[in-house]
Every structure is written in structure tokens, then in C-alpha cells.
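The structure appears below as C-alpha cells.
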Amino acid sequence: MQFTTAFIALAAFAVTQVSANASIVRQFNALGATDQGALHACLNSYRTDNWDGKDCGGRGWFKGTHNYKNPQNCYDACAGLLVTAIDQGASDVECDDVEGGARCWMGFH
């Protein structure tokens, strides 16, 4: 029982550490309206196991790395911040996450 409790506490701590270092490094809000519904759908479909870019919702999406663990962790760290940016009308946004000496970035323009 104590092992299970300790494991759950450690797992919860690890999850908070994944996103604790993520931040929006660039955000420009559109002068005109953006299709927020389409951008949310694009973001939801972007938790893939690759670093590829794509065109979706009228924007070019990107996800890149410098020695980062994996693309799904990058998504997990940045998705909440990108949701907020989309809700604010972002037309160009980048989120970076730094974990030790590794860095990832994702967003759209």
C-alpha cells in the first residue's frame, strides 16, 4: 500500500514537471478573426509520435526538437498554453519547453 501511494505521488510530481518549464515565447493575435474551432481540432490531432509539421486550420503547424525526449511529451507540455493562445485569438504562436539541456518547440503561424 505504501509503495502504491509513493508511486502515485512520484508520478503526479513527474507530470507537473513535464509542463512546469513550458512557456509561450511568441504570440501574435490576428487583426481579423481566426477559426478557433478549426485550430482547436488541429491541436487535438497533433499529439502524434513524430516531429513533422502540417497545414491545418489555415495555419502551418510545427513541432521541433533539440535533444528532447519525444514529441508527445512536447505536446503534453505545450497543449494547455496553446489552447489559451487560440482562445485569445492567436494567429501565430510558439511554445517552448526546456527539460535540462533538451528543448522542444511547437505552435503554428
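The values are calculated or read from the model by the stated rules, or taken from the named source; none is laboratory data. Since the model is a prediction, treat every value here as computed from it, not as a measurement. We place every Cβ from the backbone using ideal geometry, glycine too, and count neighbours over all the protein chains shown. Surface areas here come from the heavy atoms of the whole protein model, side chains and all, with no ligands, DNA or RNA. Shrake-Rupley method; radii C 1.70, N 1.55, O 1.52, S 1.80 Å.
Just wondering, is there one or more residues in segment 41-58 that are aliphatic (A, V, I, L, M) and outside any helix (DSSP H, G or I)? Scanning segment 41-58, I find no residue that is aliphatic (A, V, I, L, M) and outside any helix (DSSP H, G or I), so the answer is no.
When 53, 57, 100 are checked against the criterion of being in contact with a Leu (Cβ under 9 Å, 6 or more places away or on another chain) and either small (Gly, Ala, Ser) or surrounded by fewer than 15 Cβ atoms within 10 Å (Cβ to Cβ) (or both), a single residue qualifies: 57. Could you tell me whether segment 40-49 includes any residue that is surrounded by 16 or more Cβ atoms within 10 Å (Cβ to Cβ) and either under 19 Å from residue 98 (Cα atoms) or of a type in the set (Phe, Trp, Tyr) (or both)? Yes, segment 40-49 contains at least one residue that is surrounded by 16 or more Cβ atoms within 10 Å (Cβ to Cβ) and either under 19 Å from residue 98 (Cα atoms) or of a type in the set (Phe, Trp, Tyr) (or both).
Within segment 21-40, the only residue that satisfies the criterion of being in a loop (DSSP other than H, G, I, E, B) and in contact with a Leu (Cβ under 8 Å, 6 or more places away or on another chain) is 22. What about residue 4, is it open to solvent by 40 Å² or more (accessible area, probe 1.4 Å), among the hydroxyl-bearing types (Ser, Thr, Tyr), in a helix (DSSP H, G or I) and modelled with pLDDT under 95? Yes. Of all residues in segment 55-77, those satisfying the criterion of being more than 12 Å from the chain's Cα centre (by Cα) and closer than 20 Å to residue 89 by Cα are 55, 56, 57, 58, 59, 60. Within segment 63-88, the set of residues being outside any helix (DSSP H, G or I), surrounded by fewer than 16 Cβ atoms within 10 Å (Cβ to Cβ) and of a type outside the set (Lys, Arg) comprises 66, 67, 70, 88. Scanning segment 55-109 for residues that are acidic (Asp, Glu), closer than 21 Å to residue 37 by Cα and touching a residue at least 40 places away in the same chain (Cβ under 8 Å) returns 76, 87, 92, 94.
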